[in-house]
Amino acid sequence: MTMRSKLMLGNWKMNGSLADNASLVSELLAGMAGVHCHAAVCVPTAYLAQLQNLLAGSALELGAQDVSAHESGPFTGEVSAKMLQDFAVRYCIVGHSERRRYHAESDALVATKAQRALAAGITPVVCVGESLAEREAGQTERVVKRQLAAVIHANGHCISEIVVAYEPVWAIGTGLTATPEQAQQVHAVLRAQLQAATAHADRVSILYGGSMSAATSADLLAQPDVDGGLIGAAALKASDFLALLETASR
Ligand code: 13P
């Protein structure tokens, strides 16, 4: 048996407004009584200050969706780990498939971003996952191991401080959730890879992401190496997200 308690992260992606965020968070906080898992929302950078205020003193923690690979300087538009620290950010997603795809983020860049977050005391949530073509070509394990290997290589013994999120690209925003068996199979591969790198691999939470819903979450979360979820669409509706948090609290 492991000692990991479940971790559920909402990824708001590029959604929200000052008004919508305020009402979503007030509904969430009003419904947290039965929630005993760890939970956070990863919000657009523009709303970090608002969310820091809204979440102050609550059980819901704050996350960001990306961080610069640079410390500071002439990098127009980028946001550093130190800046995230100013808003008491606890988690930062790195290497989301949307960033790998639309911003050509390489494994090495993602590894550096994880390093920057760790150096600022922020837990990087390292996303890995194969495309449909890669799965069909039988390359799933090779792809996720390559993606994680870069982060392990760059971060040495700090690797036990990261969170990993397995997000099969074909499952994101498609309604095609991986089966519990498919998820567990990949999570076990990732766990073994972490075990080869650190004596504390049991501490690393490995989250599943991709069309996770209240209907699919219980069986996924029951898998031995599925330690929580990274939730997109269902994190934008208070009742949906709360249902997921309740499932993870059982
Ligand atoms: P969906 O839950 O909308 O499929 O998104 C998953 C995701 O990409 C979370 O980072």
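Key figures
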quantity	calculated
Subset of the range 170-180 that is more than 10 Å from the ligand (Cβ to nearest atom) and part of a loop (DSSP other than H, G, I, E, B) - its residue that is surrounded by the most Cβ atoms within 10 Å (Cβ to Cβ)	Ala178
Per-region count, the range 219-246, residues within 15 Å of the ligand (Cβ to nearest atom), assigned to a helix (DSSP H, G or I) and over 24 Å from Ala22 (Cα atoms)	2
Residue in the range 128-140 that is part of a strand (DSSP E or B) and either more than 15 Å from the ligand (Cβ to nearest atom) or under 27 Å from Leu62 (Cα atoms) (or both) present	yes
Long-range neighbours under 7 Å by Cβ, at least six apart or interchain, first residue farther than 30 Å from Arg4 by Cα within the range 16-40, second crowded, with 16+ Cβ neighbours inside 10 Å and modelled with pLDDT of 95 or more	Gly16/Val43; Gly16/Pro44; Gly16/Tyr47; Leu18/Gln50; Ala22/Leu54
The range 146-169: number of residues that are more than 17 Å from the chain's Cα centre (by Cα) and either of a type in the set (D, E, K, R) or surrounded by fewer than 19 Cβ atoms within 10 Å (Cβ to Cβ) (or both)	7
Filter result for Ala88 (modelled with pLDDT of 95 or more and either loosely packed, with under 14 Cβ neighbours inside 10 Å or assigned to a strand (DSSP E or B) (or both))	no
Meets criteria (within 16 Å of the ligand (Cβ to nearest atom), under 14 Å from Leu242 (Cα atoms) and surrounded by 11 or more Cβ atoms within 10 Å (Cβ to Cβ)) for Gly31	no
Qualifying residue in the range 147-167 (condition: modelled with pLDDT of 95 or more and at positive phi)	no
Complete set of residues in the range 181-218 that are out of contact with any strand residue (DSSP E or B) (no Cβ under 8 Å at 6 or more places or on another chain), within 16 Å of the ligand (Cβ to nearest atom), in a helix (DSSP H, G or I) and of a type outside the set (A, V, I, L, M)	Gln182, Thr216
Which numbered condition Ala39 misses (of (1) among the small types (Gly, Ala, Ser); (2) in a loop (DSSP other than H, G, I, E, B); (3) within 16 Å of the ligand (Cβ to nearest atom))	(2)
Count of residues meeting criterion [on the phi > 0 side of the Ramachandran plot and either in contact (Cβ under 8 Å) with a residue 24 or more places away in the chain or within 16 Å of the ligand (Cβ to nearest atom) (or both)] in the range 84-127	3
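The values are calculated or read from the model by the stated rules, or taken from the named source; none is laboratory data. Remember, predicted model here, so these are calculated numbers, not experimental data. Note that each Cβ is placed from the backbone with ideal geometry, even for glycine, and that neighbours are counted across all protein chains shown.
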